[in-house]
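I have placed the structure first, in the form of structure tokens, so that the comments after it can refer back to it.
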Amino acid sequence: MTSASKQDRVLIFDTTLRDGEQSPGATMTHEEKLEIAELLDEMGVDIIEAGFPIASEGDFNAVSEIAKRSKNSVICGLARANEKDIDRAYEAVKHAARPRIHTFIGTSPLHREIPNLTQDEMADRIHETVTHARNLCDNVQWSPMDATRTEWDYLCRVVEIAIKAGATTVNIPDTVGYADPGESAKIISGLIEAVPGADEIIFATHCHNDLGMATANSLAAVAGGARQIECTINGLGERAGNTALEEVVMAIKTRSDIMPWFTGIDTTKIMNLSRRVATASGFNVQFNKAIVGKNAFAHESGIHQDGMLKNRENFEIMRPEDIGLAGTSLPLGKHSGRAALLDKLKNLGFDVGDNQLKDIFVRFKDLADRKKEVFDDDIVALVRAGGGEDDGYLSITSLAVTCGTGGPAEAKLVMEVGGEEKTATQSGDGPVDATFRAVRDIYPNDAHLELYQVHAVTEGTDAQATVSVRLEEDGNIATGQSADTDTVVASAKAYVHALNRLHTRRGKTGEDEKEISYKDVS
Ligand code: KIV
Ligand code: ZN
């Protein structure tokens, strides 16, 4: 085995499909998970944490299918510290050429209270469960959840037990995003120094971003001797999210002068993955997000533009091409044909099939009739708006809205529900409220609106609005997305899209599938 402190290669462990997807509202469909896993594999991610197989049938199936289709990446499944979870995780990952079981238990005083175990009882449980996992699979990762708030002596003790029981990777999670870079480095270097056998395994770092320090903490942990960074695309994840893959990878690449390590990531695939994950999760990337934000390479101010024209390096430390951002490209218009659209989609990293192209082309033509120039971001919005499993049970036939300063808004809506046309007129506090009321009048439902978000895709008053709607119904969460130059129409379509996805899911599972969270420690 390689000594953690000697090798320069930092392994990238992507947990977008597990820690990222488990964040409320980021639920992805089976197909979306398979597609993202394939892209991660192609990008050179060393380990893909594909899900938490015991959590639900859906998670199990996704992990098994990802394992079967995997090419180069190690495929990992998460399991709590009990045999049933571990067996289930192995059942799912065993199809991979390179499977890994990742088992964990909360070791801090607060987390030990949940299963109500003493330090000794927990130590025994760690020994038993890591041994059990290792008997099934020769690649086992173990994590002391909330490690950064675990007593130092106890942390050293349990890490040693896990190594002796056969863990090949020990991950040190900063579960609540509490540590600072100095501590992150010190914990890893301290463990390497104090724990017998530590130089025989790989130490991983897993940071959450509650204090905005996840990237700094991950890199500091590597300086301390960790050689695996756990991260997600766009920093997706619960609360403030996980370490962003694109940030640590580009930091290592850009500052090789002070960070003498490398990763196996093909960075030119970053932008495509970022877009795919934003689409599938419904979590838009903030405009000024490092590396993948819309403004990350935009130079608006006069001084900056002048400097850029003289020499790019005046204001650019990375090249947009390095993350797969094509240089400035010409907008499409109403005379652009199918071939031009396909070419544009390819440049933007979308590999669409014939049917999808047909669908996008119809919507592109419709948009081009209403909007003089169709920019790259408009095309991305069109693709996003058409995504997701949706059985088309509900569809909007027409919508007319009146609003103004004189009183409540009114929406007159005609919709097809399972092939039957229905009409409703409703008033509300603004055009969107009136429209959503009309949808509920036609299709009564108990889905709770958790999020309603509008973004202008480009500048100008003819810009498309992309709308994301997140609904919750009996623990099931569905997001819907749509784009239109009319914000109210986009809102109605996004709402209906989310309702359709809930309807589709109800049809598939028969009844609601109650998912287990990885925090339900038992
Ligand atoms: O944040 C965390 O502690 C986790 C563990 C399950 C590794 O995600
Ligand atoms: Zn986590």
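The values are calculated or read from the model by the stated rules, or taken from the named source; none is laboratory data. It should be emphasised that the depicted structure is a prediction, and the values quoted were computed from it without experimental measurement. Here Cβ is always computed from backbone atoms with ideal geometry, including for glycine, and neighbour counts include all displayed protein chains. What goes into the accessible areas is simple: the full protein's heavy atoms, side chains included, and nothing from ligands, DNA or RNA. Shrake-Rupley method; radii C 1.70, N 1.55, O 1.52, S 1.80 Å.
As an exercise, take the mean of 1/r over every pair of distinct alpha carbons in the stretch 8-281, invert it, and state the Kirkwood radius in angstroms.
18.1 Å
With a 10 Å radius around each residue's Cβ, average the other Cβ atoms per peptide and rank 413-425, 466-478, 191-203, highest first.
In decreasing order of mean packing, 413-425, 466-478, 191-203 become 466-478, 191-203, 413-425.
Report Rg(Cα)/(2.2 N^0.38 Å) for the stretch 327-385, keeping two decimals.
That ratio works out to 0.99.
Considering only Cα-Cα distances, which of the following residue pairs are longer than 22 Å: 33/253; 253/344; 358/412; 253/346; 269/346; 68/344?
In this structure, 33/253; 253/344; 358/412; 253/346; 68/344 exceed 22 Å between Cα atoms.
How high is the relative contact order of the chain, given as a whole-number percent (alpha carbon pairs under 8 Å, six or more residues apart)? Can you show the working numbers first?
On the way: 1088 pairs, mean separation 62.8, N = 522.
In percent, rounded to a whole number, it is 12.
Calculated from DSSP H runs of 4 or more alone, at -39500 (n - 2.57) each and per residue, what is the 222 nm mean residue ellipticity of the chain, nearest 500?
-12000 deg cm²/dmol
Nearest 20 debye, what's the magnitude of the dipole of the stretch 85-227 about its Cα centre given +1 on Lys and Arg Cβ and -1 on Asp and Glu Cβ?
Values: 12 positive and 20 negative charges, 97 e Å.
With only Lys, Arg, Asp and Glu charged at Cβ, the dipole is about 460 debye.
Quick one: length gained pulling residue 31 to residue 118 fully straight, 0.36 nm per residue minus the C-alpha distance?
Full extension from residue 31 to residue 118 adds 27.1 nm.
Tell me the angle of helix 30-43 to the major Cα principal axis of the chain, expressed in degrees between 0 and 90 and rounded to the nearest ten.
So the helix axis and the longest Cα principal axis differ by about 60 degrees.
Ranked highest first by the average count of other Cβ atoms within 10 Å around their residues, in what order do 346-357, 433-444 fall?
Numbers: 346-357: 13.7, 433-444: 19.4.
So the order, starting with the most tightly packed, is 433-444, 346-357.
Report the FRET efficiency, 1/(1 + (r/R0)^6), for residue 94 and residue 334, where r is their Cβ-Cβ distance and R0 is 60 Å, rounded to 0.05.
FRET efficiency, residue 94 to residue 334: 0.70.
Would you list the P(r) distribution for the chain, with all Cα-Cα distances sorted into 20 Å bins from 0 and each bin expressed as a whole %?
21, 51, 25, 3
To the nearest 10 degrees, how steeply does helix 270-281 sit against the main Cα axis of the chain, on a 0 to 90 scale?
Once rounded, one gets 70 degrees.
Considering every Cα-Cα pair within the stretch 388-507, what fraction, in whole percent, is farther apart than 24 Å?
22 percent
Would you work out which of 23, 488, 449 lies farthest towards the positive end of the dipole of the chain, given +1 charges on the beta-carbon of Lys and Arg and -1 on that of Asp and Glu, about the Cα centre?
In the chain, that residue is 488.
Relative to the Cα centre, what is the charge dipole magnitude of the chain, using +1 at the beta carbon of each Lys and Arg, -1 at the beta carbon of each Asp and Glu, and rounding to the nearest 20 debye?
1020 debye
What does the convex hull of the Cα atoms come to per residue for the stretch 413-480, in Å³?
Per residue, the Cα convex hull of the stretch 413-480 comes to 120 Å³.
Expressed as an acute angle from 0 to 90° and rounded to the nearest 10, what is the orientation of the C-alpha long axis of helix 119-136 relative to the principal long axis of the chain?
Roughly 80 degrees between the two axes.
Nearest 5 percent is fine: what portion of the DSSP beta bridges confined to the chain is antiparallel?
50 percent
Which aspartates and glutamates, on any chain, are close to residue 372 with Cα under 16 Å apart, when same-chain ones fewer than 8 places away are left out?
Cross-link targets: 459, 462, 484, 486.
For a protection proxy built on the mean count of beta-carbon atoms within 10 angstrom, sort 228-238, 364-374 highest first, please.
Ranking, from highest mean packing down: 228-238, 364-374.
Excluding ligands, DNA and RNA, what is the solvent-accessible area per residue of the chain at a probe of 1.4 Å, expressed in Å²?
On a per-residue basis, the chain sits at 43 Å².
Pull up the cross-link candidates among the aspartates and glutamates for residue 94, meaning alpha carbon to alpha carbon under 12 Å and not fewer than 8 places away within one chain.
Hits, sequence-local ones excluded: 65, 138.
Between residue 372 and residue 355, 0.36 nm times their residue separation minus their Cα-Cα distance comes to what?
Full extension from residue 372 to residue 355 adds 3.5 nm.
What are the aspartates and glutamates whose alpha-carbon lies under 15 Å from the alpha-carbon of residue 289, with same-chain residues fewer than 8 places away excluded?
Correct list for residue 289: 246, 247.
Give me the net charge for the shell around residue 404: Cβ to Cβ below 15 angstrom, other residues only, Lys and Arg +1, Asp and Glu -1.
On the way: positive: none; negative: 410, 429, 433.
Computed value for this residue: -3.
Using only alpha carbon pairs under 8 Å that are at least six residues apart, calculate the relative contact order of the stretch 31-79 and give it in whole percent.
That works out to 44 percent.
Using a 1.4 Å probe on the protein chains only, how many percent of the accessible area of the chain belongs to carbon and sulfur?
Within the chain, the accessible surface is 49 percent carbon and sulfur.
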